[in-house]
Every structure is written in structure tokens, then in C-alpha cells.
Amino acid sequence: MFTGRLRGVSAIRLSVLTDETTSPERQREANDRTAEMLNIDFGEGDQRREAVDLDVSASKTAPWERPELGKWLADPDSFDVIVWWRFDRAVRSQGHMHKLAEWASEHRKMIVFAEGVGGSQQTFDFRNPLDPVTRMMLNQFAFAAEMEAWSIKERVTGAQAAMRRMPFRFKGGRPSYGYKIIPMPAEHGGVGKTLGQDESAVKVIIRIIRDLLDGKTITRICQELENDEVPTPRDHWSVSRGRKTGGKTGGAKGETNVRDVFKWVPTVLKKILTNPALLGWKMHNGDPIRDAEGAPILATEQPILTREEFDVIGKLFDDRKITEPRAIPTDASKLLRVVHCGTCGSRMYHQTNKKQQRAYTCGGHLTRVKCASPMTIRADWVEDYVEREFLALTGRIRIQRTIITPGYDPAQELAHVLAEYEAHQEEKGEQKSTAAKAAWKRRAAALDNRMATLESTPARPETREKVATDETFADLWGKSDDDARRRLLLDAGARLEIRKGVRGGWRTLDPRRVSFTVTGDLDPAVESWAGLRDELTMTPETAPAAGSRMRLAEPVGASAA
């Protein structure tokens, strides 16, 4: 028993939050019992002196680098003694223990372990800087702890290497987005864990894929996920483990930002949908783990995508430029790539002047095109005109959906296996032991077998079938935002050309200045509807003469009604 009341800090550390055998509650109870025996005061309520560092490895993180304990070590005048449950809760490195002992000696502190070597309480008093025995004993214990940590690491590494080659067996850690950890089914032995589909994450993956196939931009998809407050993969994992969302993220060089939640960005989207884990493959260091025949070993019975679907998604990303999302300006163009200068044919771009007046102006100078007469026109005029004319031409036409049946081309996987094989060949001759040479040959043979299998597998072409729906272009236009409407115009081949204005044409849009066309796949349907519309609105006076192919006059009041 100490004669005076000492100010103590109760130090608690946990490497894995799910480890019940070393739970924070157990450590706290042991520290409190020892403090009561040794007349140490931790304080009470909000004033309790306690350092709780969860999900922190003692092997990788020194005591002064830990979030909570580091704050106390930086303020040595606020306490007299640190109490840990056991030695391994403090350090697992002889070097870390040596520095901790130097710190305790310099600041005249005591270190206490509630359950020391042999299970009994142990106290190390550094208040006497001339006592070398205390430091020697601590260093000996630290050496033993470091050897134990090394032994544990070797066992874990060996066990994980063995489990990687076991079909369906999950080695631990955080699974790839779209999967969750479940018990191994009885038909596969019922031992250990495997992966199953995470329903909520799979719904998000399917949503993203559908949006990509519908032509939405990657940046737009990220924005919609943000608007709907869909958790990112990191936040989804945190929520599933009962932890807080967000955390540290990179900033400028040398800076670290902390977010409450992580944001959806195009790189995250691409990482999710191009990860071979969606095929159910086990991966290690970026490459699939293969069996003796070179086939990928499966981590789950429930792959999210087939190989054909995975290749289709991969091609979508190959065809798109992946960049970080940029903030959409408030004056974003509704008719980008739709409206063109009638003089030089260049695109016209949206601009807003200091008076907040919007206009489209010729952008020929941006591509070094010398326009003889650059066009400028009020934005609201052309936007209203395009909407009116587009719906007049296409509003009654039904939307057609394209049903894609993915094909299969072994060339893509073959290229990946060949890259693995070539990288493996570069290591030829580096093996010294007989066992290493045999392992190198087995992997080379497995990769060769896989390439032979893929080369003998015939390719199957993709098929597309167009099916009419009950939804019209007018229906879709009405429920779409500006970005979706622009995509609709572009997919339909819509083009508006602006010509030079005439005297007195500044009060309203002069129809003689504009030329609007819709070409491409919709062209036959547009022509068919236009002909039917003309027939329905003709009068005897405007009907064509018998046998003629041209009307004598334009019908009055023609509309899409």
C-alpha cells in the first residue's frame, strides 16, 4: 500500500473491437481493483482519468502515438501513475518499453500492471532515478512480450495463408463491399466463417449498375447517392459494426482531414464495380488466388455478378473518363452539345453576365475556329423553343428499353492471366530451396492450364432486344431533371442551329433564326408521327391533290394533340 493518495490514469487498449476475452469492461474492472488495493485515485464521472484506445495495435502503435494515452503522456504533471491490466495492453515491443521506461524515469512516474507475470499485480517505481533494477526488469518483460507478439504474428500469417486456399473459407478482416460474414454452411463442414451477400449493399450496387446502363454520368450517380444519404462502403462497414461513421481522410500534402461521413466519388464507384471480388473470387495482393488448375478459388457460394455481367460493367468504365466530381455551377447549361452556331457549326456555351442575364454564345474561339459571325442568343428563348419542338416531335412516341443479354469473351480474363504468368516468369531462377522451386513450378503450371482452358472456350456475342414500354417521351421528360433531359436530347440526336438575327427580332425568338432537327434511331418514329399528325390536322383546303407528293400549303394549327 502506498502511504499517500496517488493520481492515476487507467489505460485500456483493444486491438480488435469484437474480442470479448480482452473487453474494455474487463480491463477497467481489473484496473479499478488494483487502484483500490494500492490507494490510487482515478477520479470520478467526467473527471475520471482514463485512456481508452480501441482498435489500436500495440505492435504497430507506440503508447505516445495512441489517441487517448498519447494525450496523458504529453501532460505528465496531471497524474502520478499509469495502470494497465496486463503487460501486453501496454506494449509488445522492447523498443517501445525502453522509451516508456525512459519517459517514466524522466518524469518520476510509476507503472502498474494489475495482472503481471504469473498473474499477480506488479509495480515499477521510477521515482528513484538511481534504481537500475526497475528498468532492467521492464526490458526483460518487454523482450518476452515482443517474442510473444512475433510468435502470434507467425501463427496468424500461417493460418491466413492456409485459409486463403480453402474454398469459401473467410480468413477475417473487412469483406469487400457487397458481402457480409456468415457462418460456414454445414454442407461445407460448418467450421469457421464464409461470405454471403449483404442485401442492403447489393441493392446499392444494382442501383449503380442500372444508372450506368441508363446513361447517367458517374458524377451524377455520386450526387444522387449523396442526396439519398446512402452510406459509402467505409461508412456502411462502420454502421454494421456499431461504430461511428467517417474518420480520417487525405487532404493537401502533409495534412489530414476528419469527416463525419465519407463522400461518394467516382474513384470509389469504379473500385466497387471493377473489383473481381464481385465474381466471388478470393484475392491477395491484387491477384486472384488460384487452384492447381489455375481457376480462381471462390470465397462465397453467392457471387454478386457473373463473369459476363462483370465484363459488361468493366467496359462501361473503360468508355468513361473517371474524375473527381466537381461542383455543378448554378448556371450549368441545359443544352450543352445540343445548340450550335449556324455560322461555323461550333458548340454554343451558356454564360451569365453581371446582370444575371443568361445567353448562349458561339464557342468557336475555344477550339481555335475563326467564326465569321459568332452567334449569341437569349438562353430562355432557345431552352423553351427546344422543349416545345422536341415534345412536339417525340412527345407521343413510346420509350423503348434495350434488354441486353451479356455475351462472354474469354479474351479479357485471358489477358489478366497472361499478365500474371509473365510477372511470375520474371521470378524464375530466384528460388534457392527445393520447396520454393517446386512451388514456383506449380503456380506456373496452374496459370498455363488456365490459359489453355480459356483459349479453348468459345466467345459468345452480346445480344440486344428493344422492347416498347407504356411510357412516352413526354412522360419521361416531365419527371426528369435538367441533366437527364439533356441526355435524352443527345441520345435522340437533337440539334439546334442558331443563325443571324434580323432587324426587330430582339423582343422574342424569331423562328427564322433557328433550325431544330432530331436524327438517329428516333428518326423513323419521328417521321411516322409527323405524317400522322399532319393527316389529322389537314382540312380539305390543305389536303394534297390526288396523286401528288407535296402539299400546296402548310396546315393551320398543327400540333401534337
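One table, with the values for the structure above:
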| read-out | value |
| --- | --- |
| Among residues of region 170-196, those that are over 17 Å from Arg241 (Cβ atoms) and either under 25 Å from the mean Cα position of the chain (by Cα) or surrounded by fewer than 13 Cβ atoms within 10 Å (Cβ to Cβ) (or both), counted | 9 |
| Single residue of region 289-315 satisfying the filter (in a loop (DSSP other than H, G, I, E, B) and not aliphatic (A, V, I, L, M)) that is surrounded by the fewest Cβ atoms within 10 Å (Cβ to Cβ) | Glu293 |
| Tally, over region 49-67, of residues that are within 28 Å of the chain's Cα centre (by Cα) and assigned to a strand (DSSP E or B) | 2 |
| Only one of Tyr385, Tyr360 that is among the aromatic types (Phe, Trp, Tyr), modelled with pLDDT of 85 or more, more than 29 Å from the chain's Cα centre (by Cα) and assigned to a strand (DSSP E or B) | Tyr360 |
| Qualifying residue in region 387-409 (condition: surrounded by fewer than 15 Cβ atoms within 10 Å (Cβ to Cβ) and closer than 18 Å to Arg495 by Cβ) | yes |
| Only listed residue being among the aliphatic types (A, V, I, L, M), in contact with a strand residue (DSSP E or B) (Cβ under 8 Å, 6 or more places away or on another chain), part of a strand (DSSP E or B) and touching a residue at least 40 places away in the same chain (Cβ under 8 Å), chosen from Leu496, Leu476 | Leu496 |
| Single residue of region 417-444 satisfying the filter (touching a residue at least 12 places away in the same chain (Cβ under 8 Å) and surrounded by fewer than 14 Cβ atoms within 10 Å (Cβ to Cβ)) that is nearest to Ile297 (Cα to Cα) | Arg442 |
| Some residue of region 425-440 being assigned to a strand (DSSP E or B) and over 30 Å from Glu308 (Cα atoms) | no |
| Some residue of region 76-90 being surrounded by fewer than 21 Cβ atoms within 10 Å (Cβ to Cβ) and farther than 24 Å from Pro24 by Cα | yes |
| Answer from Met1, Met97 - the residue that is in a helix (DSSP H, G or I), more than 22 Å from Gly247 (Cβ to Cβ) and modelled with pLDDT under 90 | Met97 |
| Residue check, Asp483 part of a helix (DSSP H, G or I), surrounded by 11 or more Cβ atoms within 10 Å (Cβ to Cβ) and at pLDDT 85 or above | no |
| Filter pass, Thr34 being buried (at least 17 other Cβ atoms within 10 Å of the Cβ), over 45 Å from the mean Cα position of the chain (by Cα) and either not in a loop (DSSP other than H, G, I, E, B) or not assigned by TED's automatic domain parsing to the domain that holds Ala11 (or both) | yes |
| Test set (1) surrounded by 14 or more Cβ atoms within 10 Å (Cβ to Cβ); (2) under 27 Å from His416 (Cα atoms); (3) within 17 Å of the chain's Cα centre (by Cα); (4) of a type in the set (A, V, I, L, M, F, W, C) - Ile206 fails condition number | (1) |
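The values are calculated or read from the model by the stated rules, or taken from the named source; none is laboratory data. None of the values given here were measured: they were computed from a predicted structure. Every residue, glycine as well, gets a Cβ built from its backbone with ideal geometry; the counts of neighbours run over all protein chains shown.
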